[in-house]
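The values are calculated or read from the model by the stated rules, or taken from the named source; none is laboratory data. Note that the structure is a prediction, hence the values are computed from the model and not measured. FYI the Cβ positions are ideal-geometry reconstructions off the backbone, even for glycines, and counts take in every protein chain you see. Just the protein is used for accessible areas: all its heavy atoms, side chains included, with ligands, DNA and RNA removed. Shrake-Rupley method; radii C 1.70, N 1.55, O 1.52, S 1.80 Å.
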Amino acid sequence: MNLKEKIFEKIKDGKFLSTFCNQCKKHIWPPSNNCKECFGITELKDVDNKGILLEISYSHIVDQKGYFGIGDFSGLRIIGKMDSNIEIGEPISISKVRANKDNKIIVEFDKLY
Ligand SMILES: [Zn+2]
């Protein structure tokens, strides 16, 4: 299995993994076998499920109407669907992760209380 297949395999179980460089202590996304900074070999690691909402936008695209946010999860920036009740700077969690039919990763955020 290549990296992408491994990541999608875990998404089926509702787990979100990213590649991580142990030298730089950084998530590498999009997934890569090598760190972009030190070229060291990366490993797969769980994405921290606690983040902060950085930005909010509204999508008018048919089938994708609704609020989207950009969350920072230990330095990894992820776009996710969300409700309108979350404000910028508030703590969020990844409530759902799944792959759609085009093999795109769909993430949903929840407000962390
Ligand atoms: Zn590195």
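Side notes on the structure shown:
- The number of residues in region 19-31 that are surrounded by 16 or more Cβ atoms within 10 Å (Cβ to Cβ) and either at pLDDT 95 or above or among the polar types (S, T, N, Q) (or both) comes to 3.
- Of all residues making up region 1-51, the number that are of a type in the set (A, V, I, L, M, F, W, C) and in contact with a helix residue (DSSP H, G or I) (Cβ under 6 Å, 6 or more places away or on another chain): 1
- Test: residue in region 36-47 that is more than 27 Å from L112 (Cα to Cα) and of a type in the set (F, W, Y): yes
- Single residue of region 32-61 satisfying the filter (within 14 Å of the ligand (Cβ to nearest atom) and open to solvent by less than 60 Å² (accessible area, probe 1.4 Å)) that is nearest to S84 (Cα to Cα): S32
- Breaking point among (1) farther than 15 Å from G75 by Cα; (2) not assigned by TED's automatic domain parsing to the domain that holds K104, for I28: (1)
- Of all residues in region 32-73, exactly one satisfies the criterion of being polar (S, T, N, Q), in the same structural domain as S18 (by TED's automatic domain parsing) and free of Cβ contacts under 8 Å to residues at least 12 places away in the same chain, namely N34.
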